[in-house]
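Asker: This is the structure I have questions about; it appears just below.
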Amino acid sequence: MDKKQCIDVVTQNFIIESTVNTLKYVDFEMKSHMLFYRDMFRNAGKIKIATVKSKAIGNDIVFHIYFISDEFNGLCNGYFKMEPESSNGKKLFEGVSRITTDLAEYFYYLYRNSEFLKVYLVSLNVNSMEEISKDNEIEEALKENRISISNMEMDEFKSILLDRKFVKKYISNFLRINEKPTEEVKMFLINMLNESYDKNVCLVNNMCKLNTLIKVSFDKVALNKNNITPYDLLEYSRENGKIVYVNLDFSFKRWR
């Protein structure tokens, strides 16, 4: 299914209701309205612009779309954030980003990465889906890192760490030096800039050989584990006070 087909199917199976009086009609391709949102809500900080519900009421998939007016040079002039309202809404976003600058791209990304959404679009019945916990796999992956670190010399460990005070600077340089990032990479970088991850994300250099590492290049975000995603790792770490290690791959392609 290509992006256009995906948006058509999502539109057919979800109801999107505007929560802003001046926006009578809101669709899933709101990127064209980004400048409108940025100018109208520049000082709002965070404002709910829409509520989305599954047409198959028994599935109880409900979430809100907010516009966040934060800006970061080269990355975003504001962005959208999904906040689930129901338990099935929460399941829809498990293991994926809830942040985007482009809703059309986002729902295509969600379709490709959310098994929950795929099942809903095919069967219109998600209430019989088996709940799968990834906590044990995530904890095992984090344990592997702790073992690796304990086996390092202190100087060796210090040499791979990057100063957390300069996270914004590293991201700014990453955007300036590399090729234009994909929407998926933008989503992850915006998540990294979120203050709620301040104590959970640690940047490391290219010499890092930890077993569980999120690697960000200009075109993809990859975790060297098969059954868990970077967002599984981020959410678990925030909720349980763990550290996630991230490497920004500086390709210097714009300098060549």
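Asker: Ignoring ligands, DNA and RNA, what percent of the 1.4 Å accessible area of segment 136-248 is carbon and sulfur?
Answerer: Solvent-exposed carbon and sulfur of segment 136-248 make up 47 percent of the total.
Asker: Picking from Tyr170, Asn226, Ile132, whose Cα lies most toward the positive end of the charge dipole for the chain (charges on Cβ: Lys, Arg +1; Asp, Glu -1)?
Answerer: Tyr170
Asker: Further, regarding this structure: Counting Lys and Arg as +1 and Asp and Glu as -1, each charge on the Cβ, what is the dipole of segment 136-248 about the Cα centre in debye, to the nearest 20?
Answerer: 400
Asker: Right, next: What fraction of the DSSP beta bridges in segment 136-248 is antiparallel, stated in percent and rounded to the nearest 5?
Answerer: 40
Asker: Of the cross-linked pairs Lys48/Lys81; Lys134/Lys209; Lys91/Lys168, which ones have a Cα-Cα span greater than 21 Å in the structure shown?
Answerer: Lys134/Lys209; Lys91/Lys168
Asker: Related question: Against the longest principal axis of the chain, how steep is helix 135-150, in degrees 0 to 90 to the nearest 10, with axes from Cα atoms?
Answerer: 20
Asker: Let me ask something else. With the cut-off at 1.5 for a/c, could you classify segment 211-254 from its C-alpha gyration tensor as rounded, prolate or oblate?
Answerer: Prolate shape, in that a/c is at least 1.5 and a/b is the bigger ratio.
Asker: Using only the Cα atoms of segment 173-229, build the gyration tensor, take square roots of its eigenvalues as a ≥ b ≥ c, and label the shape rounded, prolate or oblate: rounded if a/c is under 1.5, else prolate if a/b is larger than b/c, else oblate.
Answerer: The shape class here is rounded.
Asker: Averaged per residue, what accessible surface does the chain expose to a 1.4 Å probe, in Å²?
Answerer: 54
Asker: Using a Gaussian network model on the chain with a 10 Å cutoff between Cα atoms, which of Glu94, Glu115, Glu153 fluctuates the most?
Answerer: Glu153
Asker: Something else about it: Would you mind computing, in nm to one decimal, how far apart the modelled labels at Glu137 and Val119 are, each placed 7 Å from Cα along Cα→Cβ?
Answerer: Once both label points are built, they end up 1.5 nm from each other.
Asker: Follow-up. Quick check: the distance between the Cα centres of segment 71-120 and segment 196-215, to the nearest angstrom?
Answerer: 23
Asker: Excluding same-chain residues fewer than 8 positions from Lys169, which aspartates and glutamates have a Cα within less than 19 Å of its Cα?
Answerer: Asp70, Glu71, Glu179, Glu195, Asp198, Asp249
Asker: Top mean-square fluctuation among Phe218, Phe166, Phe28, Gaussian network model of the chain, C-alpha springs under 10 Å?
Answerer: Its mean-square fluctuation being the largest, the pick is Phe166.
Asker: Using the per-residue mean of other Cβ atoms lying within 10 Å as a proxy for protection, in what order, highest first, do the peptides 43-55, 66-78 fall?
Answerer: Taking the mean over residues of other Cβ atoms within 10 Å, the ranking is 66-78, 43-55.
Asker: Relative to the longest principal Cα axis of the chain, at what angle does helix 103-113 sit, 0 to 90 degrees, rounded to 10?
Answerer: 70
Asker: What does the C-alpha gyration tensor say about the overall shape of segment 1-157? Classify as rounded when a/c is under 1.5, otherwise prolate if a/b is larger than b/c, or oblate.
Answerer: Oblate is the answer for segment 1-157, as a/c is 1.5 or above yet b/c matches or exceeds a/b.
Asker: Just how large is the dipole of the chain about the Cα centre, in debye to the nearest 20, putting +1 at every Lys and Arg Cβ and -1 at every Asp and Glu Cβ?
Answerer: 800
Asker: Which of the trypsin sites (Lys or Arg not before Pro) found in segment 145-254 are in a DSSP loop and have at most 15 neighbouring Cβ atoms, other than their own, within 10 Å?
Answerer: Those that pass, being in a loop and sparsely packed, are Lys199, Lys209, Lys220.
Asker: Given only helices, namely DSSP H runs of n ≥ 4 each adding -39500 (n - 2.57), what is the per-residue ellipticity at 222 nm of the chain, to the nearest 500 deg cm²/dmol?
Answerer: -11500 deg cm²/dmol
Asker: Next up: Report, in degrees rounded to the nearest 10, the 0 to 90 angle that the Cα long axis of helix 183-193 makes with the longest principal axis of the chain.
Answerer: It is inclined by approximately 70 degrees.
Asker: Sticking with this structure for a sec: Net charge around Asn247, counting only other residues with Cβ within less than 13 Å of its Cβ (Lys, Arg = +1; Asp, Glu = -1)?
Answerer: Taking every Cβ under 13 Å from that of Asn247, the sum is +2.
The values are calculated or read from the model by the stated rules, or taken from the named source; none is laboratory data. Just so you know, these numbers come straight off a predicted model, no measurement behind them. All Cβ positions, even for glycine, are placed from backbone atoms using ideal geometry, and neighbour counts span all protein chains on display. Ligands, DNA and RNA are excluded from the accessible area calculation, which covers all protein heavy atoms including side chains. Shrake-Rupley method; radii C 1.70, N 1.55, O 1.52, S 1.80 Å.
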